[in-house]
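The values are calculated or read from the model by the stated rules, or taken from the named source; none is laboratory data. Everything quoted here is computed from the prediction, not taken from an experiment. Please note: Cβ atoms are built from the backbone with ideal geometry, for glycine as well, and neighbour counts cover all protein chains shown. Side chains included, ligands, DNA and RNA excluded: accessible areas come from the protein's heavy atoms. Shrake-Rupley method; radii C 1.70, N 1.55, O 1.52, S 1.80 Å.
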Amino acid sequence: QVQLVESGGGLVQPGGSLRLTCAASTHIFSLYAAGWYRQAPGKQREMVAGITSGGSTNYADSVKGRFTISRDKIKNTMYLQMNSLKPEDTARYYCNAVVQFTPYWGQGTQVTVSS
């Protein structure tokens, strides 16, 4: 069983930055693909950023150039650095990993961008 725990969300003004952290209970980030998703009220959950086991990354067009996904294999941790935040980035952000074809999700962390 894999457990994922997100942290780092909060209230930030437009143009500000936040760093989200996803801590895993086992060494999965060096072996499996993982990513960050978000869901705003009334909207479907969408992929924000992904990272493969080899370290390749991909981003949603809406966050390219502003968000950066990374991982620390030793600490079993994945990060999402979010810069130049916009009100439309407001959502609950979830960590995801697919381990042996089984998807795992964290409980999410709320990000609110507002003045």
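Details
- Choice from Leu11, Leu85, Leu20 with maximal GNM fluctuation in the chain (Cα, 10 Å cutoff): Leu11
- Unit charges on C-beta of K, R, D, E only; dipole of the chain, Debye: 60 debye
- Subtracting the Cα-Cα distance of Asn58 and Arg45 from 0.36 nm times their residue separation leaves 3.0 nm of extension gain.
- Using the Cβ-Cβ distance between Val98 and Ser17 with R0 set to 35 Å, the FRET efficiency from 1/(1 + (r/R0)^6) comes to roughly 0.80.
- Gaussian network model of the chain, Cα within-10 Å springs - most flexible of Ser70, Ser62, Ser84: Ser62
- Modelled FRET efficiency - R0 41 Å, Val5 with Ser84, Cβ distances, 0.05 increments: 0.95
- Based on C-alpha pairs under 8 angstrom that are at least 6 apart in sequence, segment 1-107 has a relative contact order of 35 percent.
- Gaussian network model of the chain, springs between alpha carbon atoms under 10 Å - residue of Thr68, Thr102, Thr57 with greatest fluctuation: Thr102
- Each Lys or Arg adds one and each Asp or Glu subtracts one; over the other residues with Cβ under 12 Å from the Cβ of Thr57, this totals +2.
- Our note on the geometry: Cα centres of segment 1-29 and segment 38-115, 8 Å apart.
- Computed over protein heavy atoms with a 1.4 Å probe, the accessible surface of the chain works out to 53 Å² per residue.
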